[in-house]
Structures are given as C-alpha cells and as structure tokens.
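**Student:** Pasting a structure below so you can have a look.
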Amino acid sequence: MKKAAITTHILNLETGKPAANVRVTLHGPHTDAPIATALTDTDGRIMQWENAFELGAGDYHLCFAIGDWYAQQERSSFYPEIQICFKVINVDEHYHVPLLLNAYGYSTYRGS
C-alpha cells in the first residue's frame, strides 16, 4: 500500500509507546473544514487517510484530539487538542509530521 503524501506518527513519551486510536484531522489551504480524517493505528501512525485528497501547495495543519485520547484512558491532559501547522511547497515531496507527546508538553519535527 502506497503511503499518503502527508503522514504522521505519535509517540507517547511517558510510556515510550505509540499512541494508538488518536483521531487526527488534516486541514488544507483555502478551507476551514477538514480535508481528511483518520485514527492512528496500533503503531501510532497514519499512513493513509479515510478519504483521499489532492496535495496542493499552501499551509496545512494537523489537529490531534489528544484530550479525547487521554480521557479514554481515564487521564487528563493540559492540551485538549494539538495543532501543528506546516507549509507544503513542493507537491512532489512526502511530508511526515511526527508528534512526540506527553500530558504537559509536545514536540514535533519534519520527518522522512
């Protein structure tokens, strides 16, 4: 299976394990509505989205429903959601945007 043009991965730094079943929405340029949605798999990854989209140049953002995920575990989080904004310049490239997570902080970077 070919991976999507935009992928993500969540690692829970508190446990050192992937964050499975996190709802993620992808928002693209020129719209407030999500262009794609998915749940992270058992390895904390989204390699394919539930609906297809065409990658265009512009600003995108990933919205991670972290508060809901922590609530499912009967835990709380400082962040109800985390949004990561990034720019797509070359539509022929792959954009991997990982999230390193704990209940009170997070980090991200452009992966490969």
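Throughout, read-outs are computed from the coordinates displayed, never taken from laboratory work. What you see is a predicted model; the values in this text were computed from it and never measured. Don't worry about glycine lacking a Cβ; one is built from the backbone with ideal geometry, like all the others, and counts go over all protein chains shown.
**Student:** Please enumerate the residues belonging to region 77-106 that are in contact with a helix residue (DSSP H, G or I) (Cβ under 6 Å, 6 or more places away or on another chain) and among the small types (G, A, S).
**Tutor:** S77, the sole residue that qualifies.
**Student:** For region 95-108, how many residues are exposed (fewer than 13 other Cβ atoms within 10 Å of the Cβ) and not hydroxyl-bearing (S, T, Y)?
**Tutor:** Here the count works out to 1.
**Student:** Next question, about the same structure. If we keep just the residues of region 8-39 that are touching a His at 6+ places or on another chain (Cβ under 8 Å) and farther than 12 Å from Y60 by Cβ, which is surrounded by the fewest Cβ atoms within 10 Å (Cβ to Cβ)?
**Tutor:** Applying the filter and picking the extreme gives A33.
**Student:** Just give me the residues in region 43-81 being aromatic (F, W, Y), out of contact with any Asp or Glu (no Cβ under 8 Å at 6 or more places or on another chain) and not in a loop (DSSP other than H, G, I, E, B), in sequence order. Break it down stepwise before answering.
**Tutor:** Applying the first criterion (aromatic (F, W, Y)) to region 43-81 yields 49, 53, 60, 64, 69-70, 78-79.
Subsequent filtering for residues that are out of contact with any Asp or Glu (no Cβ under 8 Å at 6 or more places or on another chain) retains 49, 53, 60, 69-70, 78-79.
The answer is Y60, W69, Y70.
**Student:** Something else: Anything in region 24-51 that is under 17 Å from V88 (Cα atoms) and of a type in the set (A, V, I, L, M, F, W, C)? List them, or say none.
**Tutor:** Answer for region 24-51, where residues must be under 17 Å from V88 (Cα atoms) and of a type in the set (A, V, I, L, M, F, W, C): L26, I35, A36.
**Student:** To continue, here is another question. Out of region 83-112, which residues are farther than 23 Å from E54 by Cα, among the hydroxyl-bearing types (S, T, Y) and not in a loop (DSSP other than H, G, I, E, B)?
**Tutor:** Selection gives Y106, S107, T108.
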